[in-house]
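> This is the structure, below, for whatever I ask next.
The values are calculated or read from the model by the stated rules, or taken from the named source; none is laboratory data. What you see is a predicted model, and the numbers here were worked out from it, not measured in a lab. Neighbour counts run over all protein chains shown; Cβ positions are idealised from the backbone, glycine included. Side chains are part of the model used for accessible areas, which takes the heavy atoms of the whole protein and leaves out ligands, DNA and RNA. Shrake-Rupley method; radii C 1.70, N 1.55, O 1.52, S 1.80 Å.
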Amino acid sequence: MAEKELVIPKHVAIILDGNGRWAKKRFLPRTAGHAAGAKNLEKICKTAYEMGIEYLTVYAFSTENWKRPQDEVDTIMKLLNDYLNTCVKTANDNKMKCRLIGDMTRLDSSMQERILKLEEETKNNTGLKFNIAINYGSRDEIRRAVTKIAEEVKEGSLDPKAIDESVIANHLDTAGLPDPDLLIRTSGEERLSNFLLWQLAYTEFYFTDVFWPDFDEKELKLAIEKYNERDRRFGNAK
Ligand code: IPE
Ligand code: IPE
Ligand code: MG
């Protein structure tokens, strides 16, 4: 019997977790785990696109991750910088359209420039829409959105009575993106850690014990198979 065709979620979000434990298991420094994780991110973008996923949003560095030891933060920032640099070169080959979500203002100026360049150079690409969350925290994102909305009300360009859900959504970093259909978190943790609190209202969650550097095509396919077993009701009766 022919294999039933899988419904591919349009938007997949991933909390890339478990780099440190992946390294520890191999008696390597945590930073080696981050390097392996960055490499895996390149692979998964390609896999996601080949599978027909339209939007991929990944959580790479949270507003809370600054609490980590300085040398670890420095290594992660260096890897992300290198990653963005490679992306500038490769995104156009695979038609990937890149966008950063999070508060860029705390990143160093060379990284900010790199991000703007990446967004600018890939803005007309029609392949995978790839969103990378760096210095992202959902509460911080909502706080920034509220500030913008308050400013518009103060200026007189927005009537408070006109603030509906779409106005709020359009002031978030993810403005214009559909909400994720599937959220994946690797490494066995089952929490959101401040990721996309507004956007995940009706998203299906999938948790796996696999550490991020080991999350490959097979694992992504497994997550999508599980997603296919879900019955999304969006509050409706069935
Ligand atoms: C995810 O891996 C990467 C970041 C949060 C930057 P971790 O570094 O959180 O790995 P674990 O959770 O300690 O194993
Ligand atoms: C969440 O992972 C943030 C990212 C993956 C970027 P953490 O490892 O920072 O989350 P907690 O501390 O386990 O909640
Ligand atoms: Mg972690």
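> With every protein chain present, what accessible area does residue 126 have (1.4 Å probe, heavy atoms only), rounded to the nearest 10 Å²?
About 110 Å², ignoring ligands and nucleic acids.
> From the C-alpha coordinates alone, can you work out the Kirkwood hydrodynamic radius of the chain, in Å?
18.9 Å
> Please compute P(r) over all alpha-carbon pairs of the stretch 1-80, binned at 5 Å starting from zero, and give each bin as a whole-number percent.
For the stretch 1-80, the pair-distance distribution reads 3, 13, 20, 20, 15, 11, 8, 5, 2, 1, 0, 0.
> Take the alpha-carbon centre of the stretch 1-50, take the same for the stretch 78-116, and report the distance between them in whole Å.
Their Cα centres are 19 Å away from one another.
> Still on this structure: Calculate the all-directions average of the projected area of the stretch 172-238's alpha-carbon convex hull, and give it in nm².
Working: hull surface 22.8 nm².
Over every viewing direction, the Cα hull of the stretch 172-238 projects on average to 5.7 nm².
> Okay, next question. Going through the DSSP H helices of the chain, which span 15 Å or more along their own axis at the Cα atoms while scoring at least 0.5 as a mean Kyte-Doolittle hydropathy?
Answer set is empty.
> How big is the equivalent ellipsoid of the stretch 102-181 along its three axes, where each semi-axis is √(5λ) from the Cα gyration tensor, reported in whole Å from largest to smallest?
Rounded to whole Å, the semi-axes are 26, 17, 13.
> Let me ask something additional. Given H placed 1.01 Å from N in the peptide plane, which residues other than close sequence neighbours of residue 18 have an amide H under 5 Å from its amide H?
Here the answer is 212, since their amide H atoms fall under 5 Å of that of residue 18.
> Find the relative contact order for the stretch 9-228 and round it to a whole percent, using C-alpha pairs within less than 8 Å whose residues are 6+ positions apart.
Numbers: 343 pairs, mean separation 64.0, N = 220.
Relative contact order, the stretch 9-228: 29 percent.
> Follow-up question, since we're still on this one. About the Cα centre of the chain, what is the dipole size in debye to 20, counting +1 per Lys and Arg Cβ and -1 per Asp and Glu Cβ, all else neutral?
About 380 debye.
> Taking only the C-alpha atoms, wrap a convex hull around the stretch 46-186 and report its volume per residue in Å³ as a whole number.
Given the Cα convex hull of the stretch 46-186, per-residue volume reads 139 Å³.
> For the full complex of protein chains and a 1.4 angstrom probe, list 171, 11 by accessible area with the highest value first. Numbers along the way, then the final one.
Values: 171 25, 11 5 Å².
If we order 171, 11 from most to least accessible, we get 171, 11.
> Continuing with this model, one more query. Per residue, how much accessible area does the stretch 9-228 show when a 1.4 Å probe rolls over the protein heavy atoms, in square angstrom? List each step's numbers first, then the result.
Details: 10990 Å² over 220 residues.
Using a 1.4 Å probe on heavy atoms only, each residue of the stretch 9-228 averages 50 Å².
> Continuing with the same structure: Which residues' amide hydrogens lie under 5 Å from the amide hydrogen of residue 205, considering only partners 5 or more residues apart or on another chain, with H built in the peptide plane?
Result for residue 205 returns 183.
> Give me, ordered by chain and number, the residues 5 or more places off residue 97 or on other chains with an amide H under 5 Å from its own placed amide H.
HN-HN under 5 Å from residue 97: 127, 128, 129, 130.
> Just by accessible area at a 1.4 angstrom probe, what is the order of 185, 68 from largest to smallest?
Largest accessible area first, the list is 68, 185.
> If you don't mind, there's one more thing I want to ask. Based on the mean of other beta carbon atoms within 10 Å per residue, what is the order of 49-61, 20-32, most packed first?
Ranking, from highest mean packing down: 49-61, 20-32.
> Using a probe of 1.4 angstrom, how much of the accessible area of the chain is carbon and sulfur, in percent?
Result for the chain: 51 percent of the exposed heavy-atom area is carbon or sulfur.
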